[in-house]
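Report on the structure given below.
The values are calculated or read from the model by the stated rules, or taken from the named source; none is laboratory data. Source: prediction; values computed, not measured. Ideal geometry is used to build each Cβ from the backbone, glycine not excepted, and the neighbour counts take in all protein chains shown.
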Amino acid sequence: MIVTAGVSGLPRMTVHVPAPLRELTGGRDRLHFEARTVDDVLELIRETEPLLAGRLFADDGSVRRYINLFLNGADLRHLEAADRTVSRDSVLSIVPSVAGG
Amino acid sequence: MAIGAGRRVAGLTPEETLRYHRQIILPQVGPAGQERLKHASVLIVGAGGLGSPAALYLAAAGVGRLGVVDGDVVELSNLQRQVLHDTPSVGRSKTESAGRRIARINPDVRIEEYPVRLDSGNAMSILDGWDVVVDGSDNFPTRYLVNDACVLLGVPFVYGAIFRFEGQASVFAHGDGPCYRCLFRDPPPPEMVPSCAEAGVLGVLPGLVGTIQATEAIKLVLGIGDPLVGRLLLVDTLAMQFREVELRRDPGCAVCGDAPTITELIDYEEFCGGAAAPSAAPVERPSVPEIDVEELRARIGVGQPPRILDVREPHEWRISNLEAYGARLVPLGQLQDVLDELDPAEDVVIYCRTGHRSAIAVQQLASAGFEKALNLRGGINEWARRIDPSLPTY
């Protein structure tokens, strides 16, 4: 199932939701948002996916340190402002720590 | 160049030359590479889903010395994915089972068995002296322990982890590359740690990821190709996609950073907040109000019985359920959709297989104002064991 959120006219990007967090998105493995920057995407996640947001973000708004977010393969923590722009092909990967072996 | 079986190549015997022929003729391996494998040592932490294929392929490839660390015994429920073990090995120690199997695949491999759970007291001595470590453990304390010990000892390790249909792989503690803590500075809280026993895992998935780990270990030994240093491989077997993301060493990392604060092993059970549950053991639950199976049975028989919700998946409901007592199936992912059908003033008992998902459900209900929601301790498996043995456990 696909969910679209955001303001029309902006690039529609994709968020990959990993298996451990899909119980927070009703089983959806892909979310789609229309946004200009990855920070807008995070804000849209906060607004439209409160359960997922609760897992991703600490009380101070930062990404929890047992979860990593990668925009097109690059760690969000290291991205400069100029690289935070999203395009239609952009993929935000949520990578939680898993321990199974 | 095909190499005849009767001709001795470098330090390889004719039999070895024949056994490893398909590998030796690879230009990137050659006789020198095969000799390097023969003199190499790889330690596998965990003879489970990941460790199984890793051990099999490393033995078959001719790694001269293989160590296996695992304190568990083989259980029937392991065999769906832990291909190192077989049915007659059920009940035996995993290291013994692994040793026997490896010896049958390649009697030239020297096997060292460590039938113990890796901990802060034994890790440095067990992990020291190996060329490469393969981490196939199944819990966070051991993963942080392996990471820290490998960083402190200067031993690279090949990381792999799996969940349901998805896996991760990377190479940590190698040269200037990042370590596991650079990626995951903090362990998740215990209540957010579903195990494979709770969440399930596709049997072939660890086969895939463990084989990737073996491949990386061989590449590290041979010094060929581009190892997964600074890269995290993400495997999604449902979409059948392989993606990778870039990892960087964190200068502020507690163990491999510029000013490390961890210079010796710590208490990893404490560090992970009690998340030490191996895959076959119960996981720590969120702290929520509970009811045990006897109390629930007693309450069903008198007055106004509580509403009972089953937050498992439909295929689990078909295995066992409490429909006879009015239970309703609402998979955890759909719980939010039915909140307006429930009465916050009503007593609600929620169950799943063993009580982990239902604890999350109770938390979600509590945060939505349902103050009388209770978690059925031990789940329907506990009900089957203590109240209704006619129900199957799984």
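Summary of computed values
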read-out	value
Scope the stretch B:142-165; condition within 14 Å of chain A (Cβ to nearest Cβ) and modelled with pLDDT of 95 or more; matching residues	B:Thr142, B:Arg143, B:Tyr144, B:Leu145, B:Val146, B:Asn147, B:Phe157, B:Val158, B:Tyr159, B:Gly160, B:Ala161, B:Ile162
Residue satisfying all of: in the stretch A:42-78; crowded, with 17+ Cβ neighbours inside 10 Å and assigned to a loop (DSSP other than H, G, I, E, B); farthest from the other protein chains (Cβ to nearest Cβ) among these	A:Glu49
Residue among B:Gly167, B:Gly129, B:Gly160, B:Gly177 that is surrounded by fewer than 20 Cβ atoms within 10 Å (Cβ to Cβ), assigned by TED's automatic domain parsing to the domain that holds B:Gly67 and either touching a strand residue (DSSP E or B) at 6+ places or on another chain (Cβ under 6 Å) or not in a helix (DSSP H, G or I) (or both)	B:Gly129
Failed item, numbered, when B:Ser279 is tested on (1) within 23 Å of the chain's Cα centre (by Cα); (2) at pLDDT 85 or above; (3) of a type in the set (Gly, Ala, Ser)	(2)
Top-ranked residue of the stretch A:14-30 - restricted to ones that are in contact (Cβ under 8 Å) with a residue 40 or more places away in the chain and of a type in the set (A, V, I, L, M, F, W, C), ranked as farthest from the other protein chains (Cβ to nearest Cβ)	A:Val15
Cβ-Cβ under 6 Å pairs, at least 6 apart or on other chains, the stretch B:148-171 side touching a residue at least 60 places away in the same chain (Cβ under 8 Å) and within 14 Å of B:Val229 (Cβ to Cβ), far side surrounded by 24 or more Cβ atoms within 10 Å (Cβ to Cβ) and hydroxyl-bearing (Ser, Thr, Tyr)	B:Ser170/B:Tyr159
Only listed residue being at pLDDT below 90 and of a type in the set (A, V, I, L, M, F, W, C), chosen from B:Leu391, B:Leu332, B:Leu296	B:Leu332
Members of the stretch B:230-262 found to be β-branched (Val, Ile, Thr) and buried (at least 17 other Cβ atoms within 10 Å of the Cβ), listed by number	B:Val235, B:Thr237, B:Val245, B:Val255, B:Ile262
Failed item in (1) within 11 Å of chain A (Cβ to nearest Cβ); (2) part of a helix (DSSP H, G or I), with B:Thr211 passing the rest	(1)
Yes/no for B:Val204 being at pLDDT 95 or above, surrounded by fewer than 19 Cβ atoms within 10 Å (Cβ to Cβ) and closer than 23 Å to B:Leu76 by Cβ	yes
